[in-house]
Every structure is written in C-alpha cells, then in structure tokens.
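Colleague: This is the structure I have questions about; it appears just below.
Every number in this text was worked out from the coordinates using simple rules, so none of it is lab data. Everything numeric in this text was worked out from a predicted model, so none of it was measured. Here the Cβ is made from the backbone with ideal geometry for all residues, glycine too, and neighbour counts use every protein chain on show.
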Amino acid sequence: MENRNKNRHECGRFHARQPRDCRIFTYTEAFMNNLNSVLIEGNMVRDPLIRSTSKGTSVCNFTIASNRYYKQDTNFEKEVGFFDVETWGKLADACSSLGKKGRGVRVVGRLKQDRWTGNDGKSHNKVAIVAEHVEYRSDFKKSSEADSETEELAEAAMVAEESSEEYNSLALSNEEVSAMQTVTF
C-alpha cells in the first residue's frame, strides 16, 4: 500500500513514472476562448453609415484602406487592403459624428465571420472587424488661404533649396582652390 501511494502524483493520479507535465484542466481552461484580436491603421474609404437595431442600439459601419509597402527586387511595391469595420452603441455614435472619408483611424477590435446561404443556394461568408476602440488622427481643416500660404511656402523652400544647390555646386572647397593654385603654370 505504501508503495502505491509513493507513485501518486500531485495531480492525484497514479503514474508508473513521473510525468513531465501532468495537469488536470478545469472547466474554464478546457473551454477557454482563443485569441482573436486585431489592430489596424488606415484611412476611411467613405463616410460612415449609421443605423439602429430594432431595440434602438446604434450600429455604425465603415471601411478602411490600409497600405503596405514592401521592396521587391529594386522597386517599392504598394499593397492596399480594404477592411469592413463595425461599431456598436456609444462608440457607433462617436464614429458617425467624427468619421469622414479620408480621415486616418486606428481600430482595435476582434474579427467576426458572418455566414449565410444566398437565394441561389451558394454559401457565402464575410469577415469584418468589430471595433472595441477607435482612435482618429488629427483632422487638419484646409481653407483656401491656408492652401495658398502653404503653396507659397513650399515654392519658397524649393527655390531656396535649388539656389543653395547651385551655390554649392559652384563653390569650391579649400583643397580644390589650393590644388588649382599649385597646378597653374
């Protein structure tokens, strides 16, 4: 009897030899959710659409475009992905009032897959992001005065840069001047 208790492991089971990892899974561990988390940044493709459910809960849908740049051989390539985002409740109200086409956003949420059978009998599915948190990039309001002033500053900067490049190409270093003086006959 003593010998048998000697083989009893801390998990309460008997083992012929000591197991490496012997765990008894509890109910919560056995049915634990898998990780489903998304963080994505991009720009809104169009203005958000808001609607209400039959119970009055606000739902806001929008699509964002996320750009990815990568190098292939010697060229840089651009890959664009379009992602549907869904927000609920107060977040939906905020997204409908703050969001507009072209505005930069960062979305944190989870993936949701909808499956249905169409009228033609084919099965369809769609994956969307259900947002839990949405951040907006600063919204710079443009006016015609600000645009013209910005254009003038940009032109002035380009002219200044061109003139400094011309000057630098004409200017000689001290070594070049001394070399010219020593070479002259």
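Colleague: What is the projected area of the convex hull of the Cα atoms of the range 34-136, averaged over all directions, in nm²? Don't jump to the answer; show the numbers that get you there.
Modeller: On the way: hull surface 38.0 nm².
The directionally averaged projection comes out at 9.5 nm².
Colleague: OK, next. Multiply the residue separation of residue 36 and residue 63 by 0.36 nm, subtract the distance between their alpha-carbon atoms, and state the gained length in nm to one decimal. It would help to have the intermediate numbers written out before the result.
Modeller: Numbers: separation 27, 0.36 × 27 = 9.72 nm, distance 1.96 nm.
So the chain would gain 7.8 nm between residue 36 and residue 63.
Colleague: Treating the beta-carbon of each Lys and Arg as +1 and of each Asp and Glu as -1, no other charges, what is the dipole magnitude of the range 34-136 about its Cα centre, to the nearest 20 debye? Kindly include the intermediate steps, with their values, before the conclusion.
Modeller: Values: 16 positive and 12 negative charges, 42 e Å.
Result for the range 34-136 is approximately 200 debye, rounded to the nearest 20.
Colleague: Could you give the length gained by full extension between residue 52 and residue 120, i.e. 0.36 nm per residue of separation minus their alpha carbon distance, to one decimal place? Kindly include the intermediate steps, with their values, before the conclusion.
Modeller: Details: separation 68, 0.36 × 68 = 24.48 nm, distance 2.87 nm.
Difference between extended and current length: 21.6 nm.
Colleague: Given a cut-off of 28 Å, name the pairs among 101/126; 100/126; 55/100; 71/112 whose C-alpha atoms lie farther apart than that in the structure shown. Display every interim value, and only then the final one.
Modeller: Details: 101/126 23 Å; 100/126 24 Å; 55/100 26 Å; 71/112 32 Å.
In this structure, 71/112 exceed 28 Å between Cα atoms.
Colleague: Just rank 116, 88, fewest to most, by other beta-carbon atoms within 10 angstrom.
Modeller: Working: 116 9, 88 16.
Sorted ascending by nearby Cβ count, the order is 116, 88.
Colleague: Test of understanding: ordering 70, 136 by Cβ neighbours within 10 Å, fewest first, what list do you get?
Modeller: 70, 136
Colleague: What does the extension gain come out to for residue 138 and residue 90, with contour length at 0.36 nm per residue minus their alpha carbon separation?
Modeller: On the way: separation 48, 0.36 × 48 = 17.28 nm, distance 2.06 nm.
Stretched out fully, the residue 138 to residue 90 stretch lengthens by 15.2 nm.
Colleague: With 10 angstrom as the radius, rank 58, 138 by how many other C-beta atoms surround their C-beta, starting from the fewest. Display every interim value, and only then the final one.
Modeller: On the way: 58 18, 138 6.
Arranged by neighbour count, lowest to highest, 58, 138 become 138, 58.
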